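Visitor: Got a structure for you, written out below as structure tokens; questions coming shortly.
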Amino acid sequence: MASSTNAFEMAQSQFDHVAEQLKLDPPVREFLRWPMREYHFRIPVRMDDGTLRVFEGFRVQHNDARGPNKGGIRFHPAETMDTVRALGMWMTWKCAVADIPLGGGKGGVIVDPSTLSVSEKERLVRGWVQKMWANIGPRKDVPAPDVGTTPQMMGWMMDEYSRLAGQYTPGVITGKPVGGGGSLGRTEATGYGVVYTVREAMKHLKLDSTQCRAAVQGFGNVAQYAAIGFVEMLGGSVVCVSYWDREDRMPYTVSKEDGIDPHFLVSITDQYGSIDKEKAVEAGYKIEEADAWISKDVDVLIPAALEGQINEETVKSISSRVKIIAEGANGPTTPEADEVIKERGIFMIPDFLCNAGGVTVSYFEGVQNDMNFYWTREEVLEKEDNKMTQAFHSVLDMSLKAKVYMRDAAYMVAIDRVVKAMELRGWI
Ligand code: NAD
């Protein structure tokens, strides 16, 4: 597989690799290599000081054969049409592998949201909806939060859409605040989903979870709940987490050989996932260099921070004890490192399977909005567990049957489901 720093080229190359194995027809390949529709627009916003700024916005609808497009809106200064295209394509595969009746999409705005005031952010997200509202909707395309966007921003977007559509339409967007149309269980959904897939992998590998140790990279939304779930649901121990220190502007690993207390660490972590290291040291934790997490003597590695963290260099430090890698983050492993992991026979739970718990509960949010009836947190998490367990086993079955790596098996399951839906609809 070609290595590439352009996310869309990487997404296309992963797709091509599996399309070849599946012997997909060339026109079908060409169709799926690209988004079905793309929107690129400009949003004028009146700033607090009276000046006018024009922002560049995007929305990509990759494929809606299985249901309305689904995917977040990212506010980031380095956003490009290609990153949005790649993420939109991955959403198609993620929804298909989780077997939820949604397609893939993604949106964005080129902006550093930390430079905007609260009211400027509100005007910008309302402006995004004013440009896109005719092309989104509960039966067309359902956005959600992503990097740089928040539940509050989703609340404003839902309000703007409802105003333009002339009726309350909570199902147009997910990730809304609880009490404002959001679902209970959404906050912990992605991290817990990671743990549900790890639990199933351990059963398959006949590992006793209470004897297993894990190392986690990151300590934001996904990593915190993955660590809590690993300790509380599986009875295992987590020996370290890592994070980006906002004061020192560099990453560190925070470790404790006999197991961290994730609730304690959450209590000394800020909203950006940065840990108060003085308090951690006082409580007996060790502060180590950033990459220390990857060389720990553990059974499970959970990269849950950023893309490209397990690469040609860092992969060499993975201990011979590691049996499972659970990709909480999107794209944490480069294609070069993937080859090494495959050769070493480490069991891989690939990103769009491992972190599909988030979009699964977003789907449940839309279902609850449609019913206008809301489930308890326990009901939501039980339904999520069932979906994630089914998704894991459909990929594992494919991997065993076709004798392929778990990542390729996940692609095969997903592409096969999307192609079948296109056939059933008479598109191909
Ligand atoms: P977040 O912003 O809440 O947390 C990110 C964490 O990574 C923070 O603790 C930060 O300190 C840490 N970090 C940043 N740079 C680091 C570095 N160089 N080394 C170590 N740690 C570093 O983000 P999140 O929502 O937890 O998302 C994490 C990953 O999971 C991303 O790849 C995201 O796309 C993916 N993901 C998130 C969800 C979700 O529902 N939140 C769903 C699917 C996938």
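The values are calculated or read from the model by the stated rules, or taken from the named source; none is laboratory data. Keep in mind the model is a prediction, meaning the values are calculated, not measured. When we count neighbours, we look across all protein chains shown, and the Cβ atoms used for this are built from the backbone with ideal geometry, even at glycine. Please note that ligands, DNA and RNA were not included when accessible areas were found on the heavy atoms of the full protein model with its side chains. Shrake-Rupley method; radii C 1.70, N 1.55, O 1.52, S 1.80 Å.
Each row is one residue, and each column tells you yes or no for (1) without any contact (Cβ under 8 Å) to a residue 40 or more places away in the chain; (2) within 13 Å of the ligand (Cβ to nearest atom); (3) open to solvent by 10 Å² or more (accessible area, probe 1.4 Å); (4) not assigned by TED's automatic domain parsing to the domain that holds residue 150.
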site: 193; (1), (2), (3), (4): no, yes, no, yes
site: 204; (1), (2), (3), (4): no, no, yes, yes
site: 214; (1), (2), (3), (4): no, no, no, yes
site: 217; (1), (2), (3), (4): no, yes, yes, yes
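Visitor: Hey, any hits in the range 328-338 for a residue that's outside the structural domain of residue 94 (by TED's automatic domain parsing), in a strand (DSSP E or B) and within 12 Å of the ligand (Cβ to nearest atom)?
Guide: yes
Visitor: Could you figure out which of (1) without any contact (Cβ under 8 Å) to a residue 40 or more places away in the chain; (2) part of a loop (DSSP other than H, G, I, E, B) isn't true of residue 375?
Guide: (1)
Visitor: Please work out if residue 400 is open to solvent by 10 Å² or more (accessible area, probe 1.4 Å) and either within 26 Å of residue 145 (Cβ to Cβ) or not in a helix (DSSP H, G or I) (or both).
Guide: Details: open to solvent by 10 Å² or more (accessible area, probe 1.4 Å): yes; either within 26 Å of residue 145 (Cβ to Cβ) or not in a helix (DSSP H, G or I) (or both): no.
Against the criterion (open to solvent by 10 Å² or more (accessible area, probe 1.4 Å) and either within 26 Å of residue 145 (Cβ to Cβ) or not in a helix (DSSP H, G or I) (or both)), residue 400 does not qualify.
Visitor: Next question. Which strands (runs of 3 or more DSSP E) does the range 1-105 wholly contain that include 3 or more residues that are at pLDDT 95 or above and open to solvent by 30 Å² or more (accessible area, probe 1.4 Å)?
Guide: Result: 37-46, 52-63.
Visitor: Quick one: in the range 347-363, of everything that is within 13 Å of residue 183 (Cα to Cα) and open to solvent by 10 Å² or more (accessible area, probe 1.4 Å), which residue is nearest to the ligand (Cβ to nearest atom)?
Guide: Selected residue: 359.
Visitor: For the range 264-273, what are the residues that are within 19 Å of residue 329 (Cβ to Cβ), more than 8 Å from the ligand (Cβ to nearest atom) and open to solvent by less than 40 Å² (accessible area, probe 1.4 Å)?
Guide: From the range 264-273, those within 19 Å of residue 329 (Cβ to Cβ) are 265-266, 269, 271-273; that's our starting set.
With the extra rule that they be more than 8 Å from the ligand (Cβ to nearest atom), the set shrinks to 265-266, 271.
Listed by number, the list holds a single entry, 265.
Visitor: Here is a further query. Any idea which residue in the range 235-263 is nearest to residue 325 (Cα to Cα), counting only those that are free of Cβ contacts under 8 Å to residues at least 24 places away in the same chain and within 16 Å of the ligand (Cβ to nearest atom)?
Guide: For the range 235-263, the residue satisfying everything is 249.
Visitor: Of the conditions (1) within 16 Å of the ligand (Cβ to nearest atom); (2) farther than 23 Å from residue 328 by Cβ, residue 180 fails just one. Which one is it?
Guide: Unmet for residue 180, out of (1) within 16 Å of the ligand (Cβ to nearest atom); (2) farther than 23 Å from residue 328 by Cβ: (1).
Residue by residue, here is whether (1) touching a Ser or Thr at 6+ places or on another chain (Cβ under 9 Å); (2) assigned to a helix (DSSP H, G or I); (3) within 22 Å of residue 89 (Cα to Cα) holds:
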| position | (1), (2), (3) |
| --- | --- |
| 363 | yes, yes, yes |
| 366 | yes, yes, yes |
| 381 | no, yes, no |
| 388 | yes, yes, yes |
| 393 | no, yes, no |
| 412 | yes, yes, yes |
| 421 | no, yes, yes |
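Visitor: Applying the selection to the range 226-263, what residues are part of a helix (DSSP H, G or I) and either in contact with a Pro (Cβ under 7 Å, 6 or more places away or on another chain) or open to solvent by less than 60 Å² (accessible area, probe 1.4 Å) (or both)?
Guide: 226, 227, 228, 229, 230, 231, 262
Visitor: Inspect the range 284-300 for any residue being open to solvent by 20 Å² or more (accessible area, probe 1.4 Å), of a type in the set (Val, Ile, Thr) and over 19 Å from residue 223 (Cα atoms) and give the result as yes or no.
Guide: Within the range 284-300, none of the residues are open to solvent by 20 Å² or more (accessible area, probe 1.4 Å), of a type in the set (Val, Ile, Thr) and over 19 Å from residue 223 (Cα atoms).
Visitor: Being open to solvent by 80 Å² or more (accessible area, probe 1.4 Å) and over 21 Å from the mean Cα position of the chain (by Cα) is the filter here, so list the residues in the range 374-389 that pass it. Please lay out each step first, then the result.
Guide: Filtering the range 374-389 for residues open to solvent by 80 Å² or more (accessible area, probe 1.4 Å) gives 374, 377-378, 382, 386.
Within the range 374-389, 374, 378 qualify.
Visitor: Do we find that residue 293 is within 14 Å of the ligand (Cβ to nearest atom), closer than 29 Å to residue 93 by Cβ, assigned to a helix (DSSP H, G or I) and out of contact with any Asp or Glu (no Cβ under 7 Å at 6 or more places or on another chain) in this structure?
Guide: It is true that residue 293 is within 14 Å of the ligand (Cβ to nearest atom), closer than 29 Å to residue 93 by Cβ, assigned to a helix (DSSP H, G or I) and out of contact with any Asp or Glu (no Cβ under 7 Å at 6 or more places or on another chain).
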